[in-house]
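Q: If you scroll down you'll find the structure; I have some questions about it.
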């Protein structure tokens, strides 16, 4: 609503300033540019609405595409480390599907594929290693080694794919 101008006509009258602000905020163009209290309300409401809309509850879907692939040798560890501490702080369990990697973050899920027979398994990184030979890129638990059919060989060529 536009305010009626008072009958007073003094130079620098505060009423003139209020009238000018109300006129400025009365057109949609000026409101969009943020003038007047309408613009202030819109300036706070619109970004807040966008933030809330972006915080939806939709869960990301897991795809089969790997984000990183490494090729090298895999070894396994079992009896001698069973029950001992890992770099993540949890106890090593040779019956779980876990693995050790030098650089991947703890908790990263990877797919390890034995390139000799095509068998693959998904494991979770919970330890650091292997140490020594730089061609060895991952140590898998005994359970994972059994699924990869690498118990007798001990060391096999593999690909390691980081899963999203």
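The values are calculated or read from the model by the stated rules, or taken from the named source; none is laboratory data. Model, not experiment: these values are computed from the prediction. Positions of Cβ are generated from backbone atoms using ideal geometry, with glycine treated the same way; all protein chains shown enter the neighbour counts.
Q: What residue, among those in the range 54-100 that are farther than 23 Å from residue 163 by Cα and within 19 Å of the chain's Cα centre (by Cα), is modelled with the lowest pLDDT?
A: Ranking the qualifying residues of the range 54-100, first place goes to 56.
Q: Still on this structure, please answer the following. When you scan the range 118-164, how many residues do you find that are surrounded by 15 or more Cβ atoms within 10 Å (Cβ to Cβ), in a loop (DSSP other than H, G, I, E, B) and in contact with a helix residue (DSSP H, G or I) (Cβ under 6 Å, 6 or more places away or on another chain)?
A: Counting residues in the range 118-164 that are surrounded by 15 or more Cβ atoms within 10 Å (Cβ to Cβ), in a loop (DSSP other than H, G, I, E, B) and in contact with a helix residue (DSSP H, G or I) (Cβ under 6 Å, 6 or more places away or on another chain) gives 0.
Q: Would you pick out the residues in the range 72-116 that are free of Cβ contacts under 8 Å to residues at least 24 places away in the same chain, exposed (fewer than 13 other Cβ atoms within 10 Å of the Cβ), at negative phi and in a loop (DSSP other than H, G, I, E, B)?
A: 80, 84, 103, 105 - these are the residues of the range 72-116 that are free of Cβ contacts under 8 Å to residues at least 24 places away in the same chain, exposed (fewer than 13 other Cβ atoms within 10 Å of the Cβ), at negative phi and in a loop (DSSP other than H, G, I, E, B).
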